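The values are calculated or read from the model by the stated rules, or taken from the named source; none is laboratory data. Being a predicted model, the structure only gives us computed values, none of them experimental. Note that each Cβ is placed from the backbone with ideal geometry, even for glycine, and that neighbours are counted across all protein chains shown.
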């Protein structure tokens, strides 16, 4: 299935959890996840399933003033 | 000399010794970011919240490894937000990212040319964030009435601009800044527009509690040396404020006595 991940189309397995997505992306460091403008707490990553068409944002801290 | 151990200021219940707050944008690389921030002596460091670059080099250092949250107070900003809703959303993501850390720098912009704040949206966002238990340090214009209003609704620090963000023009309206300081019972931090060390000293001489800057350090030819200069300028300005400057006079006043002259 396809989701919109950080503004781009991204293909993942059906019934994928947030944990599995993060593992696929090989993310390191600190980040936060939002699905359809709802923040997913870290404690929910393994329970939270991703649905086709979800709009997912993964954000981090970068340089800024 | 002022003892930096006793001359602390408090934001949202936490005490800070350094009155220089710095941003992390516009540096050439992470080494330069780290060196400049170390040299500045800053304890509060701003960051922006943006999409993770999913194609990034896995070995690329993460900003929060360079400025670790156990060493610095991380101040996520809402830079680039032009409405209250996106600013609130950014703060909520930042709080999740930083494991519940709830101190934020709110800025809601109005115009790309000036980057002046949209005050009505800033007020709306500040109220919403405070209701959601955030501690809000708020970027605003140098309007004393608005500064007081932001304090009254519960912002933990009010941060008027000296001049437009990134302009380096220095304090354009010192009388307004002084009035804001006189009226305030929360810390007043000049945020944006400082260009060089003397600008930072003037802000402190006006009685501001601190200065937040990014471009003045990052765009200096030697950012690490400018970070050092800014640290000293902030300390010098603070000491001059506490010392209380001499009155200005229209004409000369001799420093050597008139009496006892033998000529």
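Of note, residue A:56 satisfies the criterion of being crowded, with 18+ Cβ neighbours inside 10 Å, farther than 23 Å from residue B:75 by Cα, modelled with pLDDT of 95 or more and within 12 Å of another protein chain (Cβ to nearest Cβ).
A quick yes/no check of all residues on (1) on the phi > 0 side of the Ramachandran plot; (2) within 13 Å of chain A (Cβ to nearest Cβ); (3) under 21 Å from the mean Cα position of the chain (by Cα):
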site: B:23; (1), (2), (3): no, yes, yes
site: B:27; (1), (2), (3): no, yes, yes
site: B:35; (1), (2), (3): no, no, yes
site: B:100; (1), (2), (3): yes, yes, no
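Quick one: which helices (runs of 4 or more DSSP H) lie wholly within region B:159-259 and hold at least 3 residues that are surrounded by fewer than 23 Cβ atoms within 10 Å (Cβ to Cβ)?
Those helices (runs of 4 or more DSSP H) span B:174-183, B:197-205, B:223-243.
When residue B:31 is tested against (1) more than 9 Å from chain A (Cβ to nearest Cβ); (2) part of a helix (DSSP H, G or I); (3) within 20 Å of the chain's Cα centre (by Cα), just one condition goes unmet, and that condition is (3).
Taking every residue in region A:6-21 that is surrounded by 11 or more Cβ atoms within 10 Å (Cβ to Cβ) and pairing it with any residue that is assigned to a strand (DSSP E or B) and modelled with pLDDT under 95, at least 6 positions away or on another chain, yields no pair with a Cβ-Cβ distance below 6 Å.
Looking at region B:147-154, is at least one residue out of contact with any helix residue (DSSP H, G or I) (no Cβ under 8 Å at 6 or more places or on another chain) and either farther than 22 Å from residue B:75 by Cα or crowded, with 24+ Cβ neighbours inside 10 Å (or both)? No, there is no match, as no residue in region B:147-154 is out of contact with any helix residue (DSSP H, G or I) (no Cβ under 8 Å at 6 or more places or on another chain) and either farther than 22 Å from residue B:75 by Cα or crowded, with 24+ Cβ neighbours inside 10 Å (or both). When A:29, A:65 are checked against the criterion of being in contact (Cβ under 8 Å) with a residue 24 or more places away in the chain and under 29 Å from residue B:44 (Cβ atoms), A:29 stands alone in meeting it.
Return yes or no: is residue B:39 in a helix (DSSP H, G or I) and at pLDDT 95 or above? Yes.
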